[in-house]
């Protein structure tokens, strides 16, 4: 009986993520793969009205709820404790890095991630202390969006995820997959264990507050712009391309200042 | 059992870090060899010191100084106007709209844009947290310009990956000037261009509308910071 519930609950979770993935794929299908905006190839004009609406919603939610909480966290919690929290959360996410680096064929990085995970979980109090940093093991992160980019899904339209913020269609899909890829998530989806589910919610909340707090200098900066939506969009897309090493031969910043003379 | 597992993990991690150390030391010796083989040409050395001096000036005279907010902003504006080719950047930022603009429109926009940049930077002064800037290499860019690669290291988290900061500079009649700053792949010039193009589109292409919006925003930013820009 218990096993049946467990399986059903996992199926339910998968069904929800499946619906989410389907919606996004539908969004994909409706956006053609032709590069649509002349100025910026990563923008699909058909998706922009939707993006603006989601952005406004996110902005309101942020002003009212997320930012005040994150600001309080940043002010009250000492820096070194914030580091410990960051380390712990990073460690919990490491299985996702290991899997994705392996899928990308980045053997060395997968190994480094595994080494960090093993060392920090065992000797670093389940990831709170970053012993691996002292041992000189490099700290790098990745996600399924990056994996898809490596596999050839290189161009993707800007898409604002509700609550979570700027992304692309590909990377939003990637985030969905990453949730399922993390064994810690699968374990905590157990419906029979209340404390595990609570732990899952706590982790979700802490993660949200911690990432929002880390982003405070940047978002406050964007808020000072004349057009925050476009500023955020431009910065996100440039940075993501850079992060994914998509412009191998030329960087997106290699533009010619005289480009309008043509 | 636990002890055996711990020993295995530790030795695995240690061998990983030994590999990492090996890699870095062999990289270092190659780099050292390269450096001793070809000392920087005069041009390269000049470009590096231009950026180094500018970074030092920002840190010492502004970020870490005990001056008042107003003084910091005044000093920053001076240095900015002197070391940044704002006319060149304004032309790029407005794109095709620059061609059909009158001299007066161009002037007003350039002033408003320049003030906007100064005020945005002024809002960032308090974020400075002791970061160190290390000038690394020079690479050629388009139109006879150069990229000066530098990295920003946070002394609080020295193990984190350093932030890449690239200074794109031009040599204008013997004087170096900044034409772009690229942080982790994000070009400031391109970001402004995308932003203002969107604003122009919303305002039916009227540069005066964009300039007015900028002037309004500048007033608000200045009053938030409790400073005055002449």
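For the stretch A:148-202, what class follows from the C-alpha gyration tensor (a ≥ b ≥ c being the square roots of its eigenvalues): rounded when a/c is under 1.5, otherwise prolate if a/b is larger than b/c, else oblate? Mind showing how you got there, number by number?
Details: a/c = 5.00, a/b = 2.10, b/c = 2.38.
Judged from the Cα gyration tensor, the stretch A:148-202 comes out oblate (a/c at least 1.5, b/c at or above a/b).
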Compactness summary of the stretch B:181-230: radius of gyration and Dmax from Cα atoms, Å, are 13.4, 33
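Given a Förster radius of 60 Å and the C-beta distance between residue A:261 and residue A:195 as r, what FRET efficiency does 1/(1 + (r/R0)^6) yield to the nearest 0.05?
Approximately 0.35, to the nearest 0.05.
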Rg over Rh, two decimals, the stretch B:44-184 (C-alpha only, Kirkwood Rh): 0.98
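Calculate the translational D of the stretch A:35-167 in whole µm² s⁻¹ from Stokes-Einstein, where the hydrodynamic radius comes from the Kirkwood formula applied to all Cα pairs, the temperature is 20 °C and the viscosity 1.002 mPa s. Write down the numbers at each step before the final one.
Details: Rh = 17.5 Å.
Result for D is 122 µm²/s.
Compute the convex hull volume of the Cα atoms of the stretch A:101-194, divide it by the residue count, and report the result per residue in Å³ as a whole number. Before the final figure, lay out the partial values.
On the way: hull volume 12.9 nm³, N = 94.
Considering the Cα atoms of the stretch A:101-194, their hull volume per residue is 137 Å³.
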Whole-number D in µm²/s for the stretch A:189-235 (Stokes-Einstein; Kirkwood sum over Cα pairs; 20 °C, 1.002 mPa s): 166 µm²/s
With only alpha-carbon atoms counted, please give the Rg and Dmax of the stretch A:114-262, in Å. 19.0, 66
Expressed as a whole number, the average count of other chain Cβ atoms within 10 Å around the Cβ atoms of A:220-230 is 6
Counting partner chain Cβ atoms within 10 Å of every residue's Cβ in A:117-124, what's the average? 4
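Looking only at other chains, what is the average number of their beta-carbon atoms within 10 angstrom of each beta-carbon in B:193-204? Could the numbers behind the result be given before it?
Numbers: counts 5, 11, 11, 3, 5, 8, 4, 0, 2, 2, 0, 0.
Average per residue, whole number: 4.
Given the convex hull over the Cα atoms of the stretch B:41-98, what projected area results after averaging over all orientations, in nm²?
Over all viewing directions, the stretch B:41-98 projects a mean Cα-hull area of 5.5 nm².
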What ranking do B:63-72, B:214-223, A:148-157 get when scored by the average of other Cβ atoms within 10 Å per residue, highest first? A:148-157, B:214-223, B:63-72
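Let me make sure I get this right: for the stretch B:74-146, a, b and c are the square roots of the gyration tensor eigenvalues over alpha carbons, sorted descending. Under 1.5 in a/c it's rounded, otherwise prolate if a/b > b/c, else oblate. Which is it?
Cα axes put the stretch B:74-146 in the oblate bin.
None of the figures in this text is laboratory data; all of them are computed from the coordinates on show. In this text, all values refer to a predicted model and were calculated from it rather than measured experimentally. Here the Cβ is made from the backbone with ideal geometry for all residues, glycine too, and neighbour counts use every protein chain on show.
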